[in-house]
1. Please give the FRET efficiency for K584 paired with S529, using the beta carbon to beta carbon distance and R0 = 22 Å, rounded to the nearest 0.05.
2. Place the peptides 66-74, 513-521, 269-277, 449-457 in order of packing, highest mean first, counting for every residue the other Cβ atoms within 10 Å and averaging per peptide.
3. Between T119 and E345, with labels modelled 7 Å along Cα→Cβ, what's the label distance in nm to one decimal, could you check?
4. Please compute the alpha carbon radius of gyration of region 448-489, then divide it by the globular-protein estimate 2.2 N^0.38 Å. Two decimals is fine.
5. Dipole magnitude of region 296-442 about its Cα centre, charges +1 at Lys/Arg Cβ and -1 at Asp/Glu Cβ only, in debye to the nearest 20?
6. So, by mean Cβ neighbours within 10 angstrom, what's the order for 375-386, 535-546 with the highest one leading?
7. With all protein chains present, how much of the accessible area of region 136-214 (probe radius 1.4 Å) comes from carbon and sulfur, to the nearest whole percent?
8. Sort the following peptides by mean Cβ neighbour count (other Cβ atoms within 10 Å, averaged over residues), highest first: 394-404, 349-359.
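The values are calculated or read from the model by the stated rules, or taken from the named source; none is laboratory data. Values in this document were obtained by computation on a predicted structure and should not be read as measured data. No Cβ is skipped: glycine too gets one built from the backbone with ideal geometry, and neighbour counts run over all protein chains shown. Protein only, heavy atoms only, side chains kept; ligands, DNA and RNA dropped before computing areas. Shrake-Rupley method; radii C 1.70, N 1.55, O 1.52, S 1.80 Å.
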Amino acid sequence: SEYGVETLHGPAYGPASHSAAASSAPSSSSAFRHVVPSRQIVERQPRMLDFRVEYRDRNVDVVLEDSSTVGDIKRILENELQIPASKMLLKGWKTGDVDDSTVLKSLHLPKNNSLYVLTPDLPPPSSSHSGALQESLNQNFMLIVTHREVQREYNLNFSGSSTIQEVKRNVYDLTSIPVRHQLWEGWPPSATDDSMTLAVSGLTFPCHRLTVGRRSSPVQTREQSEEQCTDVHMVSDSDGDDFEDATEFGVDDGEMFGVASSALRKSPMMPENAENEGDALLQFTAEFSSRYGDCHPVYFIGSLEAAFQEAFYGKARDRKLLAIYLHHDESVLTNVFCSQMLCAESIVSYLSQNFITWAWDMTKEANRARFLTMCTRHFGSVVAQTIRTQKTDQFPLFLIIMGKRSSNEVLNVIQGNTTVDELMMRLMAAMEIFSAQQQEDIKDEDEREARENVKREQDEAYRISLEADRAKREAQEREMAEQFRLEQIRKEQEEEREAIRLSLEQSLPPEPKEESTESVSKLRIRTPSGEFFERRFLASSKLQVVFDFVASKGYPWEEYKLLGTFPRRDVTQLDPNKSLLEVKLYPQETLFLEAKE
């Protein structure tokens, strides 16, 4: 049973006492079996109790025997929560407060219990600050950076975990101003170290404005820069001796910092030599979100073939254009294209409604070669050669693909040096071409489906006719088989009942004679149909003999109960091991049988 206890079964009809149940087990195969009340459940093994203990923001599940003490629970919690048992107050007991020596069994607890721990002597954890910091690290900051010399603005998205140094190196990609030559305005006074994350630098969330320009002289000192501007971040902290002496080795500023910018990226957009395209796209999507925020096109996760299947091979009404975004981390246009155009809400919404968007990273040579192979296979060598000849600074590329009956057609190749309006216009132009083709496909598909529907309806009518005839035959066969099965069951049940009845009849002690010198009880039993049958029993006979006699007449214990008349009582609830004299069925008594509900 649920509590790990064993029920002690006594003989049929009636509660046996504890002593009687323990001393004698029923030896008869009576058709009447005793139903033991719940108070006679006897524990054979310890009962297991479940506790769910709550402490601050944690839940600990404890399972132990009811022979354990409250102190045992505290010792388990001491290991789980790393809190001394002496500092714990264990609350939630239904019976009020208890001490460590209290045995759980004495509390009469249910199987499942809920408790909680209080630690008034321990200081509360300072989790609010760490929680707020973690939340800031997960936020995205929009930095509106103005390039002072050319009067151009860049809207850049960075996660709160990005560092000030990463921002400056990304700005170098956009402005070609090496980090050590950048003069900044707008950084908060608290941003005193380029290694600080944006989350703790004091930036205004969600948008913050900054201005950057080029230092007038590469040998300008930090003190001179600070005299010209009060911003603590006017000059980057990256102007160390190793960078100042770079020109002595013939290394150009832009070349040196371009390599540094690429090397300091958190992780590549896509792993090199990725075996599974789906896994590669998962990393691409995660890294894209980390760099540019969550507002971006929904990239299809799967192989290029699967993207074709999703875009081109459904019903004509459900087909879409396929947009392939080719990313390149070494291009100076990439950051602007991604943050300002590809993540623009209008572009994201239009792509989501009308395109399946698939992406690939062309930065690594192995991934580039792999895409060119796919391109040759699906679009032909001309398109592959067009992409192969694109220079790094012409990336990112946006390919618009339309599926046709015989081949896949590249409608447009959009380079990274574009604007939001121009990108939207070219997407809409591709949609016009696609819509015209889609309408023709829908018309052809509707006509084909109409012809197929007529044929299907004819085939279905014929199939239904055959199915109805077959179902009718099978129903008749099932009905005959079921009737035969039920008849067999009925016969077997009757034979079994008769065998039990004969066995009980043969096991009954002989009926005492009227002139017997022993005390004799005469019982008259009325059946539910109104018939009576009588029999004499020795007054010393057990009540179980009467139960067996009734069962031998065809009234088994599972279906009938035996009732007395005056006073009215349920004889089946009496102890079957008591004698007729003890249960006051002497010298004579009239009983009647009643069907159980």
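1. Plugging the Cβ-Cβ distance into 1/(1 + (r/R0)^6) gives 0.20.
2. My ranking of the peptides, most packed first, is 66-74, 269-277, 513-521, 449-457.
3. Once both label points are built, they end up 4.6 nm from each other.
4. Cα-based Rg divided by the globular estimate yields 1.96.
5. With Lys and Arg at +1 and Asp and Glu at -1, about 440 debye.
6. 535-546, 375-386
7. Here it works out to 50 percent.
8. So the peptides 394-404, 349-359, ranked by packing, come out 394-404, 349-359.
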